[in-house]
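A.B. asks: One structure, as structure tokens, below. Some questions next.
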């Protein structure tokens, strides 16, 4: 196991390097002159210092020199200064990141607690009315985009109920119950499509496992349905589902951008969207690189979970 983890960590180095190069080169390949555009965003030449902007973006240095300086800052934890807020980017990310992670984790918990049981029930009651209803709901969940549902919920509450939703964010460790109440609706909307996907995947993989010979043997022994499903079928059918969950969680982190904007949550997503609107490239670069690291690390954790689900899996 240790050798496998060590090898995977070494394999991540080229990936992280390529990602860092692409992220750093992002603003250099944008059409137009970046400094001129930023000066316009900041109110014109009278209110902006082009040399200072070039220094912040690293444009006063050559490409390789600027990249090495930026990479050295990342290694030291110095992500630079935000052009928009004039504050260290690392400080902004430090207090905004828990909001986004909390929202995505809450949504992931809802996906697991709702999506997997729906898939199991649909598989065990295949071709019955329950199966048809659950499959129809899954298709409906896939058909409705989360951002549209969020907008409709806020619009309905404010226009038709006369209640303007307020989401004065409270940190989890300050008041866990208040935090969960604030995140419940955004997390539910974020999780809706993923619940449908996981339910469909769970149903398909469980049906495939239930057709295996060892499952037929378990039925022939007279074991109860609960025992056959929980002890013999469920773990083996979860491996593809866990893989999908890992990928979906990474997608959820990106999906928080719109949800945070709709519900005015002070997370990384809304911060990034605002930075994009004001062409705050140092902030966008840092956030994208951070997201990439989370995705790479998440994929490793998903791979390591296979051994727990199926002891037959060997890492070599």
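Every number in this text was worked out from the coordinates using simple rules, so none of it is lab data. Here the structure is a predicted model, which is why all the values come from computation and not from measurement. With ideal geometry, Cβ positions are generated from the backbone for all residues, glycine too; neighbour counts draw on all protein chains shown.
A.B. asks: Can you figure out the FRET efficiency of residue 126 with residue 76, using R₀ = 51 Å and their beta-carbon distance, to the nearest 0.05?
C.D. replies: Working: r = 57 Å, r/R0 = 1.11.
It comes out at approximately 0.35.
A.B. asks: Rounded to the nearest 0.05, what FRET efficiency do residue 133 and residue 65 have when you use their Cβ-Cβ distance and R0 = 51 Å?
C.D. replies: Working: r = 62 Å, r/R0 = 1.22.
Efficiency, from the Cβ-Cβ distance: 0.25.
A.B. asks: Separate question: Order by neighbour count: 278, 173, 106, 17, fewest other Cβ atoms within 10 Å first, most last.
C.D. replies: Numbers: 278 16, 173 8, 106 21, 17 11.
Lowest count first: 173, 17, 278, 106.
A.B. asks: Sort 288-299, 113-124, 239-250 by packing, meaning the average of other beta carbons within 10 Å per residue, with the highest value first. Could you put the intermediate results ahead of the total?
C.D. replies: Values: 288-299: 16.8, 113-124: 20.5, 239-250: 18.8.
Sorting 288-299, 113-124, 239-250 by mean packing, highest first, produces 113-124, 239-250, 288-299.
A.B. asks: Could you compute the FRET efficiency for residue 86 and residue 224, with r as their C-beta to C-beta distance and R0 at 45 Å, rounded to 0.05?
C.D. replies: Numbers: r = 65 Å, r/R0 = 1.45.
That gives a FRET efficiency of 0.10.
A.B. asks: What is the fewest-to-most order of 227, 153 by other Cβ atoms lying within 10 Å of their Cβ?
C.D. replies: 227, 153
A.B. asks: Still on this structure: Stretch residue 101-residue 155 to full length: gain in nm at 0.36 nm per residue minus the Cα-Cα span?
C.D. replies: Values: separation 54, 0.36 × 54 = 19.44 nm, distance 2.61 nm.
That pair, residue 101 and residue 155, stretches by 16.8 nm at full extension.
A.B. asks: Still on this structure, I have one more. In whole angstrom, how long is each semi-axis of the equivalent ellipsoid of region 98-309, when you take the square root of 5 times every eigenvalue of its Cα gyration tensor and sort them from largest down? Mind dumping the intermediate values first?
C.D. replies: Numbers: eigenvalues 263, 91, 41 Å².
The answer is 36, 21, 14 Å, longest axis first.
A.B. asks: Please arrange 194, 214 by counting, for each residue, the other beta carbons lying within 10 Å of its beta carbon, fewest first.
C.D. replies: Values: 194 26, 214 10.
Least to most surrounded, the residues fall as 214, 194.
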